[in-house]
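A.B. asks: Sharing a structure with you now.
The values are calculated or read from the model by the stated rules, or taken from the named source; none is laboratory data. Every value quoted in this text rests on a predicted model; they were computed, and no experiment measured them. Glycine gets a Cβ as well: all are built from the backbone with ideal geometry, and neighbour counts include every protein chain shown.
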Amino acid sequence: MIVSHYNVFLCFVENLNLVEKHLEGTIPTEITKLKNLHTIRLFTNDLTGYLPSTIGLMRSLEILLLNENNLSGTIPNEIGNLSRLKFLSLRKNQFKGTIPSEIFSNQELEAFDCANNKLTGTIPSEIGQPDIMWLCK
């Protein structure tokens, strides 16, 4: 009974702010069940593993700050489905591969930071949009 009440309250969560909490482990795919989430701030922790592709289902998400963790794998193309996303920081992780051009199909994106990863390839031409501040090194 307590669990069912807990789930009811989770649907109202709009902000997840767990900065510098010494979190370890992976980002659970269940996070996508938080349909009203506008902000995820999980930076400066010790999160590992992949960024779940199901993150693209979080249509209300405006701010995604995952910098300064140990996330790895590729940046999922599905981030391009986040049509309300304004700020995306993946800085200081272990991401590899290329930057998906799908990220820049979002007209709301104002800032993208992917510095200090293991990214390769060319920077997508879409990143040159005048309204996007970006950092990639």
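A.B. asks: Any residue in region 108-137 that is at pLDDT 90 or above sitting within a Cβ distance under 6 Å of a residue that is assigned to a loop (DSSP other than H, G, I, E, B) and exposed (fewer than 12 other Cβ atoms within 10 Å of the Cβ)? List the pairs, counting only those 6 or more apart or interchain.
C.D. replies: Partner pairs satisfying both residue conditions: 115/137.
A.B. asks: If you go through region 71-109, how many residues are over 11 Å from residue 51 (Cα atoms) and touching a Phe, Trp or Tyr at 6+ places or on another chain (Cβ under 6 Å)?
C.D. replies: Adding up the residues that qualify gives 1.
A.B. asks: Does region 60-80 contain at least one residue that is farther than 28 Å from residue 121 by Cβ and touching a Pro at 6+ places or on another chain (Cβ under 9 Å)? Don't jump to the end; show me each part of the working.
C.D. replies: Of the residues in region 60-80, the ones farther than 28 Å from residue 121 by Cβ are 60.
Retained after the next criterion (residues that are touching a Pro at 6+ places or on another chain (Cβ under 9 Å)): none.
No, region 60-80 contains no residue that is farther than 28 Å from residue 121 by Cβ and touching a Pro at 6+ places or on another chain (Cβ under 9 Å).
A.B. asks: Between a residue in region 78-104 that is under 20 Å from residue 42 (Cα atoms) and any residue that is of a type in the set (S, T, N, Q) and assigned to a strand (DSSP E or B), which pairs come within a Cβ distance under 6 Å, given they are 6 or more apart or on different chains?
C.D. replies: 94/70; 94/72
A.B. asks: Got a number for residues in region 33-47 being among the aliphatic types (A, V, I, L, M), more than 9 Å from residue 15 (Cα to Cα) and in a loop (DSSP other than H, G, I, E, B)?
C.D. replies: Restricting attention to region 33-47, the residues satisfying the condition of being among the aliphatic types (A, V, I, L, M) are 34, 37, 40, 42, 47.
Subset that is more than 9 Å from residue 15 (Cα to Cα): 34, 42, 47.
Still in the running and in a loop (DSSP other than H, G, I, E, B): 34, 42.
Matching residues across region 33-47 total 2.
A.B. asks: Anything in region 66-77 that is without any contact (Cβ under 8 Å) to a residue 40 or more places away in the chain and within 18 Å of residue 16 (Cβ to Cβ)? List them, or say none.
C.D. replies: If the condition is that a residue be without any contact (Cβ under 8 Å) to a residue 40 or more places away in the chain and within 18 Å of residue 16 (Cβ to Cβ), then 66, 68, 69 are the ones that fit.
A.B. asks: Still on this model: Looking at region 65-121 only, could you name the residues that are of a type in the set (Asp, Glu) and not in a loop (DSSP other than H, G, I, E, B)? If you could, list the steps in order and put the result at the bottom.
C.D. replies: Here is the first cut: in region 65-121, the ones of a type in the set (Asp, Glu) are 68, 78, 102, 108, 110, 113.
Residues satisfying the conditions are 78, 102, 113.
A.B. asks: Could you check how many residues of region 42-61 are under 22 Å from residue 84 (Cα atoms) and either surrounded by 17 or more Cβ atoms within 10 Å (Cβ to Cβ) or touching a helix residue (DSSP H, G or I) at 6+ places or on another chain (Cβ under 9 Å) (or both)?
C.D. replies: Matching residues across region 42-61 total 12.
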